[in-house]
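Let me begin by presenting the structure, written as structure tokens, before commenting on it.
The values are calculated or read from the model by the stated rules, or taken from the named source; none is laboratory data. Note that this is a predicted model, so its numbers are computed, not measured. Cβ: placed from backbone, ideal geometry, glycine included. Neighbour counts: every protein chain shown.
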Amino acid sequence: MAALIYVHGFLSSPKSAKAQITKRWLAKNRPDIEFYCPSLSAYSELAQAKLEGLIKTLESQTVYLIGSSLGGFWSTHLIERCSADKAVLINPAVAPHTRFSSWVGETFQSYYSDDTYELDQTDIDKLAELDCATLTHPEKYWLMVQTGDETLDYRDAVQRYRACKQLVEEGGDHSFSGYQDWLPAIIEFLEA
């Protein structure tokens, strides 16, 4: 049985709209694919440990990833340095350590709970260490971005994943408007 891990973004959770849409769609249309969406800490080392631990428990299975925002960064790490098989990246964060470095010392609250996080330099250093600037398996990715992303510059992702399959939609937003309509094509790509 194949497994699909939905990797949510910074300060998000398994309760996010896209995670829930994916879970419901798979339950209805593809119950043969096991769905996972771990709750990830905003702290880099904790998020890395949780994701790599989950990948290890699934090592006998085919593992697909859908990574949104910072989840796209983590999904790239899991493809390049772990044993995940394929990934669809939704408006992914590229080189997040460069963006987050100005946030050292700031406190952030989860979008879905009362949990708070204060980023420090060790978080930034960990993200820099794990950044995969060169992709060794471009065929394993499908980049999906919308030009109206108000949080991240979609052009950074288009450049980083230039050797990969890409969908660049005009307009939209960071949450990727119309995501649910793409799930059949996403699963088809992952299984191809």
Open item on the list: For the stretch 133-155, give me the residue count where each residue is out of contact with any Phe, Trp or Tyr (no Cβ under 7 Å at 6 or more places or on another chain) and either surrounded by fewer than 17 Cβ atoms within 10 Å (Cβ to Cβ) or of a type in the set (Ser, Thr, Tyr) (or both).
Closed with: 12
Task: Tally, over the stretch 145-192, of residues that are outside any helix (DSSP H, G or I) and not β-branched (Val, Ile, Thr) - done: 24
Open item on the list: List pairs: first residue in the stretch 6-20 and under 20 Å from Asp181 (Cα atoms) and among the aromatic types (Phe, Trp, Tyr), second residue at pLDDT 95 or above and part of a loop (DSSP other than H, G, I, E, B) anywhere in the structure, Cβ distance under 7 angstrom, at least six positions apart or on different chains.
Closed with: Tyr6/Cys37
Open item on the list: Being among the small types (Gly, Ala, Ser), within 14 Å of Ala133 (Cα to Cα) and buried (at least 24 other Cβ atoms within 10 Å of the Cβ) is the filter here; which residues of the stretch 59-103 pass it?
Closed with: Gly72, Ser75, Ala93
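Within the stretch 156-171, take every residue that is surrounded by fewer than 20 Cβ atoms within 10 Å (Cβ to Cβ) and among the small types (Gly, Ala, Ser) and give me the one that is farthest from Phe10 (Cα to Cα).
At the first step, the residues of the stretch 156-171 found to be surrounded by fewer than 20 Cβ atoms within 10 Å (Cβ to Cβ) are 156, 158-159, 162-171.
If we keep only those that are among the small types (Gly, Ala, Ser) as well, we get 163, 171.
Numbers: Ala163: 26, Gly171: 22 Å.
Among those that are surrounded by fewer than 20 Cβ atoms within 10 Å (Cβ to Cβ) and among the small types (Gly, Ala, Ser), it is Ala163.
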Task: Counted residues, the stretch 42-54 - those being surrounded by 16 or more Cβ atoms within 10 Å (Cβ to Cβ) and in contact (Cβ under 8 Å) with a residue 40 or more places away in the chain - done: 6
Open item on the list: Going residue by residue through the stretch 108-124, is there one that turns out to be more than 14 Å from Arg160 (Cβ to Cβ) and in contact with a His (Cβ under 9 Å, 6 or more places away or on another chain)?
Closed with: yes
Task: Selected residue (criterion: nearest to Ala185 (Cα to Cα)) from residues of the stretch 129-161 that are without any contact (Cβ under 8 Å) to a residue 40 or more places away in the chain and aliphatic (A, V, I, L, M) - done: Val158
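Would you mind stating whether Lys126 is of a type in the set (Lys, Arg), touching a residue at least 24 places away in the same chain (Cβ under 8 Å) and farther than 18 Å from Gly9 by Cβ?
Values: of a type in the set (Lys, Arg): yes; touching a residue at least 24 places away in the same chain (Cβ under 8 Å): yes; farther than 18 Å from Gly9 by Cβ: no.
Taking the combined requirement at face value, the residue does not satisfy it.
Give Val63, Val94 a once-over and let me know the one that is β-branched (Val, Ile, Thr) and farther than 20 Å from Ser175 by Cβ.
Val63
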- [ ] Could you look through the stretch 6-41, keep only residues that are surrounded by 15 or more Cβ atoms within 10 Å (Cβ to Cβ) and basic (Lys, Arg), and pick out the one that is nearest to Gly71 (Cα to Cα)?
- [x] Lys18
Task: Candidate set: the stretch 104-127, residues that are assigned to a helix (DSSP H, G or I) and among the hydrophobic types (A, V, I, L, M, F, W, C); chosen: the one surrounded by the fewest Cβ atoms within 10 Å (Cβ to Cβ) - done: Ile124
